[in-house]
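Asker: Would you mind keeping the following structure in view while I ask a few things?
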Amino acid sequence: MIDYFSLGHPLSGLRSHYALKARRRMFDIFVEVFQPTAQTRVLDLGVTPDDSLPESNFFEQLYPYPNRLTVASIEDASSLEVRFPGVRYVKINGKSLPFAEGEFDIVFCSAVLEHVGNRENQRAFITEALRVGKGFFFTTPHRFFPLEFHTLIPIIHWLPQRWHQAILRALGQTFWAQTENLNLLTSSELVALFPACDVLNVRLIRLFGWPSNILVYGRRHCT
């Protein structure tokens, strides 16, 4: 399992407390916007095999129609089919998705975009996700929140990326110093990754007044 969560860090419990609150709010917004029913086909793109943190796979914990829910990951998250009966797990390669165009009514993707590489890779990931869904709901941490959620190191991620990565390497955080593992976004940078023909809704989740997470959602308008 890839440790995206700094498991064992002394602040991980506090981070989990606030992360779960934020993700419950995201789920409430998702339900408010899309009003899914027992017929709505949903893809959760980027689930984790982790079952140690309360916020892991929060969507599966809260979604009331598991037998209309497909989950996908580059990791082996097949255990989710046991933990959440009715859910279907599909292993993916991180590039192309093994689904038909418009196969799902909604693609839900939380805290994945920052892990797929440079801006070109992020744009390709979004484009492929939009191909298989009629509606979409993406979330990612906001780069300008003072604490970086993966390393649990404050402020240095506000620096230019090359400086941020150099400091991480000096601190022994070589995994997070690689763009393919961590590439944070601001709201404007995230919006710029979507096709211009799509109408986007952008909302922020705030913590202590600071924007902690960006939400972008809508329905496909491109042909």
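The values are calculated or read from the model by the stated rules, or taken from the named source; none is laboratory data. Being a predicted model, the structure only gives us computed values, none of them experimental. Cβ: placed from backbone, ideal geometry, glycine included. Neighbour counts: every protein chain shown. Quick note on the areas: whole protein, heavy atoms, side chains included, nothing else; ligands and nucleic acids left out. Shrake-Rupley method; radii C 1.70, N 1.55, O 1.52, S 1.80 Å.
Asker: So if R0 is 25 Å, what FRET efficiency would L62 and V90 give, r being the distance between their Cβ atoms, rounded to the nearest 0.05?
Answerer: The formula returns an efficiency of 0.75 here.
Asker: When all C-alpha to C-alpha distances in region 8-107 are sorted into bins of 5 Å, what percent of pairs does each bin hold, rounded to whole numbers?
Answerer: For region 8-107, the pair-distance distribution reads 2, 12, 22, 23, 20, 14, 5, 2, 0.
Asker: Can I ask one more? Shape of region 48-149 from its Cα gyration tensor (a ≥ b ≥ c, root eigenvalues): rounded if a/c is under 1.5, otherwise prolate when a/b > b/c, or oblate?
Answerer: Working: a/c = 1.67, a/b = 1.13, b/c = 1.48.
It is oblate, given that a/c is not under 1.5 and a/b is not larger than b/c.
Asker: Turning to a different aspect of this structure: In what sequence, largest accessible area first, do T179, T186 appear using a 1.4 Å probe?
Answerer: T179, T186
Asker: Also, I was wondering about something else. State the Cα centre-to-centre distance between region 80-95 and region 100-165 in whole Å.
Answerer: One Cα centre to the other: 20 Å.
Asker: Another question about this same structure. Where nothing but the Cβ of Lys and Arg (+1) and of Asp and Glu (-1) is charged, how large is the charge dipole of the chain around its Cα centre, in debye to the nearest 20?
Answerer: Dipole of the chain, to the nearest 20 debye: 440 debye.
Asker: To continue, here is another question. Give me the 1.4 Å probe accessible area per residue for the chain, excluding ligands and nucleic acids, in Å².
Answerer: 47 Å²
Asker: If you take every DSSP beta bridge whose two residues both sit in the chain, what share of them, in percent to the nearest 5, is antiparallel?
Answerer: Here the antiparallel bridges make up roughly 45 percent for the chain.
Asker: Name the long-range amide H neighbours of D44: under 5 Å, sequence gap of 5 or more, or other chain; modelled H, no Pro or chain starts.
Answerer: For D44, whose amide H was placed from the backbone, the distant partners under 5 Å are T70, V71, A72, F108.
Asker: Contour minus end-to-end for E189 and E75, with contour as 0.36 nm per residue of separation and end-to-end as the Cα-Cα distance? Numbers along the way, then the final one.
Answerer: Details: separation 114, 0.36 × 114 = 41.04 nm, distance 2.70 nm.
Extra length from E189 to E75 when fully extended: 38.3 nm.
Asker: What is the extension gain from Q178 to L159, computed as 0.36 nm multiplied by their sequence separation minus the C-alpha to C-alpha distance, in nm to one decimal?
Answerer: Extending this stretch completely gives an extra 5.3 nm.
Asker: Same structure, new question: Using +1 at the Cβ of each Lys and Arg and -1 at the Cβ of each Asp and Glu in the chain, identify which of N183, L193, V132 lies farthest towards the dipole's positive end.
Answerer: Of N183, L193, V132, it is L193.
Asker: Would you mind giving the three semi-axes, in whole Å and largest first, of the ellipsoid equivalent to the chain according to its Cα gyration tensor?
Answerer: Semi-axes (√(5λ), whole Å): 27, 20, 17.
Asker: DSSP H helices in the chain with Cα extent of 18 Å or more along the helix axis and mean Kyte-Doolittle hydropathy at least -1.0?
Answerer: Membrane-span-like by this rule: 12-34, 119-132.
Asker: Roll a 1.4 angstrom probe over the protein heavy atoms and tell me the percent of accessible area of the chain that is carbon or sulfur.
Answerer: Details: 5810 of 10460 Å².
On the chain, the fraction of accessible area on carbon and sulfur atoms equals 56 percent.
Asker: May I pose another question? Could you pull out every residue, at least 5 positions away or on a different chain, whose amide H is within less than 5 Å of the one on N213? Hs are placed 1.01 Å off N in the peptide plane, and Pro or chain starts have none.
Answerer: H142, I205
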